[in-house]
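Input: a single structure, listed below in structure tokens.
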Amino acid sequence: MPRIKIDQLKEGMVIAADVKNMDGMLLLPAGCALSERQIDVLHAWGVAEVSVEAADGLDSSADPLAKLPPDVAARLAAEVKALFWELDETNPVQQEVFRLVLRRRAKKLQPG
């Protein structure tokens, strides 16, 4: 389930995980097929990225985690999580830092 920037969303893409605002209010539920209006709502709420189900035309090569086998990705996520003193998974800033570190580590594992 790749995470993509809001600017790359297209109508018909399917949300893979609930999208919530900073207060925890549900904006879009998992499984929701996006309309142009819903993409506009995400922009209005300042959402930067969302998880989407793999779709035709979606370039998963931009996400190095998408190239890793699930067991390797899970092991890598556990290793990165151990680097944080107390990772608050509800804090969007900490989530973003975690995701950036995880992607950087995954990219180092890629050949070439």
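Let me know the shape class of the range 3-60, please: from the alpha-carbon gyration tensor, a ≥ b ≥ c as square roots of the eigenvalues, rounded when a/c is under 1.5, otherwise prolate if a/b is greater than b/c, or oblate. Prolate is the answer for the range 3-60, as a/c is 1.5 or above and a/b outweighs b/c. Shown in residue order for the range 30-36 are the 3J(HN,Hα) couplings computed by the Karplus curve 6.51 cos²θ - 1.76 cosθ + 1.60 at θ = phi - 60°: 4, x, 6, 7, 6, 10, 4 Hz (x for Gly and Pro). Close amide H contacts of Leu28 (hydrogens built in the peptide plane, cut-off under 5 Å, sequence separation of 5 or more or a different chain): Val19. Taking each residue as 0.36 nm, the span from Ala82 to Arg104 lengthens on full extension beyond its C-alpha to C-alpha distance by 6.4 nm. For Lys10, the lysines whose Cα comes closer than 24 Å to its Cα, not counting residues fewer than 8 places off in the same chain, are Lys20, Lys67. What is the angle, in °, between the Cα long axis of helix 70-83 and the longest principal axis of the Cα atoms in the chain? Nearest 10 is fine, range 0 to 90. The two axes meet at around 80 degrees.
Which FRET efficiency value, to the nearest 0.05, is calculated for Lys20 and Val97 with the Förster distance at 25 angstrom and r the Cβ-Cβ distance? Result of the calculation: an efficiency of 0.85.
Enter the angle in degrees (range 0 to 90, nearest 10) between the Cα long axis of helix 92-109 and the first principal axis of the Cα atoms of the chain, meaning the one along which they spread out most. Its long axis makes an angle of about 50 degrees.
With only Cα atoms counted, the range 64-109 has Rg and Dmax values of 10.4, 28 Å.
Here, each number is a calculation from the coordinates, and none is a lab measurement. Everything quoted here is computed from the prediction, not taken from an experiment. FYI the Cβ positions are ideal-geometry reconstructions off the backbone, even for glycines, and counts take in every protein chain you see.
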